[in-house]
Amino acid sequence: MLSTRSTITRTAFLAACLLAFAAWLTILPYATAQARTLDELKVEVQARADRHAYPLDGLSSDEVREALGRVGSLDPDEWAASWSVIGDRYMSKAQDEMALSKTKANEDFVRAWLYYNFARWPAPTSPGKERAYEKALAAYLAHGRLLSPPMEVVHIPFEGKEITGYVQVPKDGKPVPIVVVIPGLDRGKEDMAELVRPLLNVGIGYLVLDAPGTGQAPIKAAPDAERMFVQAINYVLQRPDVDKARVAVYGVSFGGFWATRLAATEMKRLRAVVAQSPPIHDAFLRARTMEMTSNREYLFDYVPAYLSMFGLTTLQQLADAREQMSLKSAGFLDRPMAPMLVIGGALDKQVPIADIDLLLNSGQTPKDAWINPQGGHMGRDAKEWSGAHILNSVVVPWILRALKVDPE
């Protein structure tokens with residue numbers, strides 16, 4: 001006969017088993033429906049590296065092949081460890097070079113960051129990926145200290161926490177225009193700082209920060225998380241080196257969603273807004289969320305990255321949360337907005353072109369648009385229009401006109 005204590009222990013054990021089984025069932029729909037097998041993923045990763053496509057741009061094809069050769073499963077920690085081997089190699093090399101050549105050291109700090117960054121991609125959702133992310137931050141900050149003008153790390157007070165961002169402004173000695181830059185689901189502020197640095201060459205500064213639920217952001221994604229960016233705008237308007245009449249916002253992917261909200265809510269304080277592939281309404285429909293596991297435009301771990309961004313654990317919860325993000329349902333599309341440039345790709349499998357059409361054809365304010373008929377997410381394609389090309393040929397010229405900047 002079991003004692004009372006034994007009965008309680010057995011009951012607790014059975015309850016724990018049931019909870020574990022229930023958790024497994026909630027994960028099953030996307031854990032067993034990966035868009036790619038391991039072999040398929042390796043082929044696609046190598047192919048993107050060979051053509052310098054996101055998120056492998058900047059990585060060496062041979063080193064990608066080396067890292068993939070060590071990966072024997074889809075385990076996130078094994079993935080992170082393999083890419084971190086190369087990151088460690090470059091980090092050690094950069095540290096040794098500091099006394100001899102800061103230029104070479106800087107180049108290798110960047111290479112170390114690139115491999116650590118891909119090791120944590122698309123989100124630090126496991127202990128190994130978290131370690132890779134910490135190493136990525138260390139490598140990137142070492143690089144930032146060697147930039148000219150130096151990259152400033154700022155800590156903006158926010159609801160008892162802080163918003164961490166990077167600022168660079170031209171050495172003009174006078175107030176300059178500035179762009180607040182918002183990444184998306186898997187890009188960090190580090191990626192975006194590297195992308196938008198050409199703004200400095202035309203007399204414009206930038207503040208980049210992580211999107212809610214990503215990187216070092218102090219809050220998770222939610223309909224009211226734009227308050228984090230409102231505080232960031234408050235901050236830039238207090239800086240003596242910023243021209244307060246020429247503040248812009250540039251958001252990419254899910255960052256484009258936040259940029260669009262800010263175009264409405266901060267219309268009086270923003271001179272210009274660029275939204276690149278912003279999800280607006282159709283992207284948030286429940287049916288699209290439930291189909292995310294089979295999306296092959298996204299490289300891998302689409303659902304885990306989104307769950308991390310919202311701080312959720314199941315696909316059903318994610319579908320509920322994403323439905324609440326619709327800008328159409330919330331009435332934002334009918335408001336007056338700051339001048340906008342909207343960028344999209346007609347073949348985008350993550351944000352349907354219908355969302356771009358909806359944004360362009362809604363509201364009270366005319367908007368400019370750049371649509372690549374052969375482009376996927378962010379308007380990129382495999383031939384001509386890389387992310388950097390779109391920035392330099394489309395985004396920067398439009399921002400110059402909108403902010404009335406005359407590059408010397």
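The values are calculated or read from the model by the stated rules, or taken from the named source; none is laboratory data. None of the values given here were measured: they were computed from a predicted structure. Because the Cβ atoms are built from the backbone with ideal geometry, glycine has one as well, and the counts that use them run over all protein chains shown.
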> Among the residues of segment 134-152, is there at least one that is part of a helix (DSSP H, G or I) and either modelled with pLDDT under 95 or aromatic (Phe, Trp, Tyr) (or both)?
Replying inline: yes
> Restricting the search to segment 180-214, which residues are in a loop (DSSP other than H, G, I, E, B) and not hydroxyl-bearing (Ser, Thr, Tyr)?
Replying inline: 183, 184, 185, 186, 187, 188, 203, 204, 210, 211, 212, 213
>> So, in segment 355-408, how many residues would count as being of a type in the set (A, V, I, L, M), at pLDDT 95 or above and touching a helix residue (DSSP H, G or I) at 6+ places or on another chain (Cβ under 9 Å)?
In response: 12
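Among the residues of segment 230-256, count how many are among the aromatic types (Phe, Trp, Tyr) and either free of Cβ contacts under 8 Å to residues at least 40 places away in the same chain or over 27 Å from residue 118 (Cβ atoms) (or both). Don't jump to the end; show me each part of the working.
Pass one, segment 230-256, residues among the aromatic types (Phe, Trp, Tyr): 235, 250, 254.
Adding the requirement that they be either free of Cβ contacts under 8 Å to residues at least 40 places away in the same chain or over 27 Å from residue 118 (Cβ atoms) (or both) leaves 235.
Going through segment 230-256 one residue at a time, the tally reaches 1.
Does residue 321 fit the bill of being in a helix (DSSP H, G or I), in the same structural domain as residue 216 (by TED's automatic domain parsing), small (Gly, Ala, Ser) and surrounded by fewer than 24 Cβ atoms within 10 Å (Cβ to Cβ)? Spell out the reasoning first.
Numbers: in a helix (DSSP H, G or I): yes; in the same structural domain as residue 216 (by TED's automatic domain parsing): yes; small (Gly, Ala, Ser): yes; surrounded by fewer than 24 Cβ atoms within 10 Å (Cβ to Cβ): yes.
The answer is yes for residue 321.
Condition first: in a helix (DSSP H, G or I) and polar (S, T, N, Q). Now tell me which residues in segment 91-110 satisfy that. Please lay out each step first, then the result.
Taking segment 91-110 and keeping what is in a helix (DSSP H, G or I), we get 91-97, 102-110.
Scanning segment 91-110 gives 92, 95, 103, 106.
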>> Contact list please: Cβ distance under 8 Å, first residue in segment 151-162 and free of Cβ contacts under 8 Å to residues at least 60 places away in the same chain, second residue in a loop (DSSP other than H, G, I, E, B), pairs at least six apart or on different chains.
In response: 151/145; 161/218; 161/219; 162/218
> Given the conditions (1) over 24 Å from residue 391 (Cα atoms); (2) part of a loop (DSSP other than H, G, I, E, B), which single one is not true for residue 303?
Replying inline: (2)
> Only one of (1) surrounded by fewer than 22 Cβ atoms within 10 Å (Cβ to Cβ); (2) among the aromatic types (Phe, Trp, Tyr); (3) under 29 Å from residue 241 (Cα atoms) is not met by residue 90, so which one is it?
Replying inline: (3)
